[in-house]
Structure formats: structure tokens, C-alpha cells
1. Report, by residue number, each residue of the range 190-248 that is closer than 21 Å to ALA21 by Cα, assigned to a helix (DSSP H, G or I), open to solvent by 60 Å² or more (accessible area, probe 1.4 Å) and of a type in the set (D, E, K, R).
2. Hey, among ILE179, ILE170, which residue is open to solvent by 20 Å² or more (accessible area, probe 1.4 Å), touching a helix residue (DSSP H, G or I) at 6+ places or on another chain (Cβ under 9 Å) and without any contact (Cβ under 8 Å) to a residue 60 or more places away in the chain?
3. Taking the range 29-42 as the region of interest, how many residues are surrounded by fewer than 18 Cβ atoms within 10 Å (Cβ to Cβ) and in contact with a Phe, Trp or Tyr (Cβ under 8 Å, 6 or more places away or on another chain)?
4. Please work out which one of (1) open to solvent by 30 Å² or more (accessible area, probe 1.4 Å); (2) assigned to a helix (DSSP H, G or I); (3) among the small types (Gly, Ala, Ser) is the condition GLY55 fails and give its number.
5. Could you list all residues from the range 1-44 that are under 21 Å from LYS80 (Cα atoms) and charged (D, E, K, R)?
6. Is there a residue being surrounded by 24 or more Cβ atoms within 10 Å (Cβ to Cβ) and not polar (S, T, N, Q) anywhere in the range 64-77?
7. Within the range 29-52, count every residue that is more than 24 Å from PRO186 (Cα to Cα), touching a strand residue (DSSP E or B) at 6+ places or on another chain (Cβ under 8 Å) and either part of a strand (DSSP E or B) or of a type outside the set (D, E, K, R) (or both).
8. Keeping to the range 2-31, report how many residues are at positive phi and touching a helix residue (DSSP H, G or I) at 6+ places or on another chain (Cβ under 7 Å).
Amino acid sequence: MFRLDGKVALVTGGSRGIGRACAEMLGEMGATVVVNYVKGETAAKETADAILAKGGKAEISGFDVADTKATETAIDEVVKKLGRLDILVANAGIAVDGLLLRIKDEDLDRLFATNVRGAITCARCAIRPMSKAKGGRIVFMSSVVGEMGNVGQTAYAASKAAVLGAAKSIAREYASRNITVNAVAPGFIETDMTHAMTEPMKEYILKVTPLGRVGSARDVASAVAYLCSDEAGYVTGQVLRVNGGMHV
């Protein structure tokens, strides 16, 4: 069960945090993993090396998902070099927090360029080889705040809610090609993003999380791995919540 031997997977934002955990787990399952990064080439190499050290196959690919042309070129090169693209984990994302009256247009543009347009661009590029192969898996990375909202995260929540709509729509469009499209919505996960939160904020989040603990990047990766597997072949257009019960 849960094997991906012979499959090629692209994980955007795969050099750290949730993306790295996803890349490593897919590698453990037998997939050849392409680890995308923007600036963290060293971290991306470390992720690839970690996969190789466990007997897996991995490569790195540097491009910014917010740059449409660069993304199209890079994904085309992946397909040409490896001969296929079976799995896309659209994980790359940024967060810009702030109360509504303090949100700047440039912040909105930057957030949506990466979190929404970038994810959709990657999906559009991946759909082509997947359609030819008559099968594939696409997983978008959303967030619990995309469903329930949060004070000071209007822009970020809006971008993550948009990802959910995109996943559901693409799922309907390409189900006939045997391509499943789903989203994972993590809750409070221990990553670089959450490290910046204040202690009172962290305490509050733990208080409203029924399981009473912080999630790990591997918790999220396990959900992604399932959605990428053959065992999830009849699951599409869904949101898998990994939030400890914070939002049900």
C-alpha cells in the first residue's frame, strides 16, 4: 500500500517545512521527487540528499511559481528530462499578516501572485502531461484560515480560500482524464511561519485545538501522501483537514 514506484512528483516550496516533509515522504514511497525552491538552493539540496540517503531518487529545480514563464519552462524541462509528471504538490506559499486597514495593495499582489496564481500555473502546466498519460494527482496546500478566517490574516486567508475553489473546479474539469485534484488544509503546524507567532497567540491556538498539541510537518505530509497514492483514486475535489480538530 501507498507506494509510488515509477512515479515522478514535483513539490513546490519543497526545501523546508511542510514542503520538505512532503518531498521526503513521497521519496520514501518510491517516487522520483523534484524539489522546487526559490532562494534556498542549499536547503533544497539538503532535502534531495535526505531522500537519496534513504535510497530514493531526487532532483532540485529552482524557479519562482509567481513567475509564470519561469514556471512553465521549468516544468516542461522536468517532463522532458524525466519523461513524465504524475504528481504535483502545489505547496509554495508566503504569508503577509496585518489588519485590514493596514493591508497594502503590493502585499495583496504578492500574496496572490504566489499563493493563487502560482499554484494555478503549476496545475495548468502539470495537467498537460497528466492528460496525455490519462492519470495524475494534484494536491493544493491551503490552510485552516482559508475556511474559518482569522484576525489579522484577511489577505492570507483569502488566498488560501481561493486555492480551495481552484482545487474543486479543476477536479471537476479533469476527472474524466483520471486526474484527481484535492487540497490539504493544515492547522497549527510547527514550521518557520509559526515560529514568528507570539507566545500568547500560540497558547490560545493550543487551547482551541481539541487534540491539544501542535501538528508536525510530517502529519501534513502523511495526508498529502495518501492523496497522491493509488488508494485515493476515488477521492477528488475534497479538502483534507489536518488541524487537530481546530475546525471541523
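The values are calculated or read from the model by the stated rules, or taken from the named source; none is laboratory data. Computed from a predicted model, the values in this text were never measured in an experiment. When we count neighbours, we look across all protein chains shown, and the Cβ atoms used for this are built from the backbone with ideal geometry, even at glycine. Quick note on the areas: whole protein, heavy atoms, side chains included, nothing else; ligands and nucleic acids left out. Shrake-Rupley method; radii C 1.70, N 1.55, O 1.52, S 1.80 Å.
1. Passing the criteria: ASP192, ARG218, ASP230, GLU231.
2. Being open to solvent by 20 Å² or more (accessible area, probe 1.4 Å), touching a helix residue (DSSP H, G or I) at 6+ places or on another chain (Cβ under 9 Å) and without any contact (Cβ under 8 Å) to a residue 60 or more places away in the chain holds for just one of ILE179, ILE170, which is ILE170.
3. 0
4. (2)
5. The answer is ASP5, LYS7.
6. yes
7. Of the residues in that region, 2 qualify.
8. Residues flagged as at positive phi and touching a helix residue (DSSP H, G or I) at 6+ places or on another chain (Cβ under 7 Å) within the range 2-31 amount to 3.
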